[in-house]
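The values are calculated or read from the model by the stated rules, or taken from the named source; none is laboratory data. Predicted model only: the values in this text are computed from it and were never measured. Cβ atoms come from the backbone with ideal geometry, glycine included; neighbour counts cover every protein chain shown.
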Amino acid sequence: MKKLLILCVVLLLSGCVSVAKVETGPRAIGERLTVTLDGAWNHVDAPGVGPGQLWTMEGSPVDQLRLYSGIKEGQALHAEQGGQQKSFTFRSNMQPDEIASLFEGMLTRDGSRYKLEKLEPMSFNGQPGFRFDYSLVRKVDNVHLSGVGFAAVSRNELFAVVYMAPRLVFYPRYIARVEHIGKSMSIKP
């Protein structure tokens, strides 16, 4: 945890990271996804975030809300880092369990341990999709996290909202807000 905190401080001081407040109400994420916020969040713009947006309440080492809008066929869910790490790319014909596994692969690239707790269908403003709940033990500091994801495929593109936070304090504190965001997902045809 100390290493992550030090890294975040160094990045903030070097000017590579910017944080902007995202206010309550409807927010467009990309061209086709809209979510409604039930309170303010912090949008973190940093190198290595990948194709999605990263939002947080307490700081990205503590909690992360990742929003993906229009991930296309063959596009990776994570920032490309080179080297020999496996890349986790979206295919439009993936089933919900395969998409949940895609997020598992992305979240465990650092050696963290993931467990899918629940996977169930869900509708987003008439668009069929699904919800998945998971747990994660972060390798770097052995913190136990709980997480939830909301996802749908529309016109061969992936739209998702994925949240994770330490399971004992921060996850229970913000899960109602995250569920509100997930249930409010609206994807333009």
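A few points about this structure:
- Residues in segment 23-38 that are touching a residue at least 60 places away in the same chain (Cβ under 8 Å) and closer than 15 Å to S154 by Cβ were compared, and the one that is surrounded by the fewest Cβ atoms within 10 Å (Cβ to Cβ) is E31.
- Some residue of segment 54-71 being exposed (fewer than 14 other Cβ atoms within 10 Å of the Cβ), out of contact with any Lys or Arg (no Cβ under 8 Å at 6 or more places or on another chain) and of a type in the set (S, T, N, Q): no
- In segment 110-127, the residue that is surrounded by the most Cβ atoms within 10 Å (Cβ to Cβ) out of those that are modelled with pLDDT of 95 or more and out of contact with any Lys or Arg (no Cβ under 9 Å at 6 or more places or on another chain) is Y114.
- Some residue of segment 133-155 being part of a helix (DSSP H, G or I) and either modelled with pLDDT under 95 or among the basic types (K, R) (or both): no
- Of the residues in segment 11-29, at least one is modelled with pLDDT under 90, in a strand (DSSP E or B) and of a type in the set (S, T, N, Q).
- Failed item in (1) within 17 Å of T34 (Cα to Cα); (2) surrounded by 17 or more Cβ atoms within 10 Å (Cβ to Cβ); (3) at pLDDT 95 or above; (4) not charged (D, E, K, R), with H180 passing the rest: (2)
- Residue satisfying condition, being of a type outside the set (D, E), over 17 Å from P61 (Cβ atoms), within 14 Å of the chain's Cα centre (by Cα) and surrounded by 16 or more Cβ atoms within 10 Å (Cβ to Cβ), within set L158, L107, L136, L145: L158
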